[in-house]
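Novice: Here it is, the structure, as structure tokens.
The values are calculated or read from the model by the stated rules, or taken from the named source; none is laboratory data. Just so it is clear, the model here is predicted, and its values are computed rather than measured. Neighbour counts are summed over all protein chains in view; Cβ atoms, including those assigned to glycine, are modelled from backbone coordinates with ideal geometry.
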Amino acid sequence: MKHVVVFTGAGISAESGLKTFRGEDGLWEGYRIEDVATPAAWVKDPEMVQHFYNIRRKSVLEAHPNAAHRALVALEKKYRVSIITQNIDDLHERAGSNTVLHLHGLITRSQSSVNPKLTYPINGSEISMGERCELGSQLRPHVVWFGEPVPAMGEAIGMCRTADIFIIIGTSLQVYPAAGLLDEAPENAVKYFVDRQASALSRDRGLICIDEKATVGVPWIVEQLTDSQMD
Ligand code: APR
């Protein structure tokens with residue numbers, strides 16, 4: 001079976017009602033990254049950080065997977081599919097995808113603030129101040145903040161290097177190291193980029209650009225790939 005590696009960003013969940021980060025009405029237009037998404041913010045004002053993610057978690061729990069998430073599940077009938085997502089929502093899993101690697105964490109889990117390897121499910125939509133991990137430290141969101149290492153990068157690079165087909169969906173390709181994964185895919189892999197602004201963002205990197213919203217572009221590619229692959 002050919003290996004399809006899918007690299008997703010906030011744009012795939014936009015039509016599920018979740019905000020993207022950059023651009024008009026993006027999340028980072030309303031908040032300063034350094035106030036809510038850095039280790040320094042957590043030290044300075046943990047209540048504010050907790051509040052920011054509690055609100056976002058509620059939106060994620062209320063959202064539903066869309067046609068783009070579902071199309072990627074259908075791809076598994078004919079291909080080995082590995083999804084690498086920058087998103088902290090769980091919409092790929094809820095759609096039914098089997099292999100999903102979260103580069104930037106998963107908002108539906110909490111994390112020890114002294115050992116990032118200790119993560120836990122969350123009861124309901126909020127983490128409260130005073131809730132502690134097994135080591136006695138305050139629980140924080142299981143999210144990789146700016147300035148923190150990205151522990152899943154090694155595994156993600158390994159996936160990309162064995163890709164026959166590489167599909168990028170709904171990301172502005174601005175945040176590293178994640179955006180560098182594109183360069184790890186073999187040169188002869190066929191590479192697609194579905195994004196409302198794919199052509200403008202692709203910068204001549206040998207990508208087949210589909211300037212469409214995810215719920216149109218992704219089912220279209222999946223249809224092409226499943227029609228053409230016989231074995
Ligand atoms: N369909 C397809 N693409 C869309 C849609 C849609 N309906 N709506 C928006 N987009 C595209 C935009 O054109 C943009 O290129 O989604 C992309 C979203 O880009 P960003 O907001 O920058 O999100 P992302 O690339 O996922 O951000 C990367 O940055 O803030 C950090 O950790 C956060 O994981 C995040 C990382």
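Novice: Find the helices (runs of 4 or more DSSP H) located wholly in the stretch 124-231 whose residues include 3 or more that are not hydrophobic (A, V, I, L, M, F, W, C), and list them.
Specialist: It comes to 153-161, 214-228.
Novice: Looking at LEU61, LEU106, which one is more than 14 Å from the ligand (Cβ to nearest atom) and out of contact with any helix residue (DSSP H, G or I) (no Cβ under 8 Å at 6 or more places or on another chain)?
Specialist: One residue alone meets the criteria, LEU61.
Matching residues to (1) more than 17 Å from ALA179 (Cβ to Cβ); (2) in contact (Cβ under 8 Å) with a residue 60 or more places away in the chain; (3) surrounded by fewer than 19 Cβ atoms within 10 Å (Cβ to Cβ); (4) not assigned by TED's automatic domain parsing to the domain that holds GLU212:
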{"site": "GLN86", "(1), (2), (3), (4)": "no, yes, no, no"}
{"site": "ARG94", "(1), (2), (3), (4)": "yes, no, yes, no"}
{"site": "PRO121", "(1), (2), (3), (4)": "yes, no, yes, yes"}
{"site": "GLY124", "(1), (2), (3), (4)": "yes, no, yes, yes"}
{"site": "ALA156", "(1), (2), (3), (4)": "no, yes, no, no"}
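Novice: How many of the residues in the stretch 161-214 are polar (S, T, N, Q) and near the ligand (Cβ under 8 Å from one of its atoms)?
Specialist: Counting residues in the stretch 161-214 that are polar (S, T, N, Q) and near the ligand (Cβ under 8 Å from one of its atoms) gives 4.
Novice: Could you tell me which of the residues ASN66, ASN54 is under 29 Å from GLY217 (Cβ atoms), surrounded by 14 or more Cβ atoms within 10 Å (Cβ to Cβ) and touching an Asp or Glu at 6+ places or on another chain (Cβ under 7 Å)?
Specialist: Testing whether each residue is under 29 Å from GLY217 (Cβ atoms), surrounded by 14 or more Cβ atoms within 10 Å (Cβ to Cβ) and touching an Asp or Glu at 6+ places or on another chain (Cβ under 7 Å) leaves just ASN66.
Novice: If you go through the stretch 65-89 one residue at a time, how many are away from the ligand (no atom under 15 Å from the Cβ) and not in a helix (DSSP H, G or I)?
Specialist: So the answer is 5.
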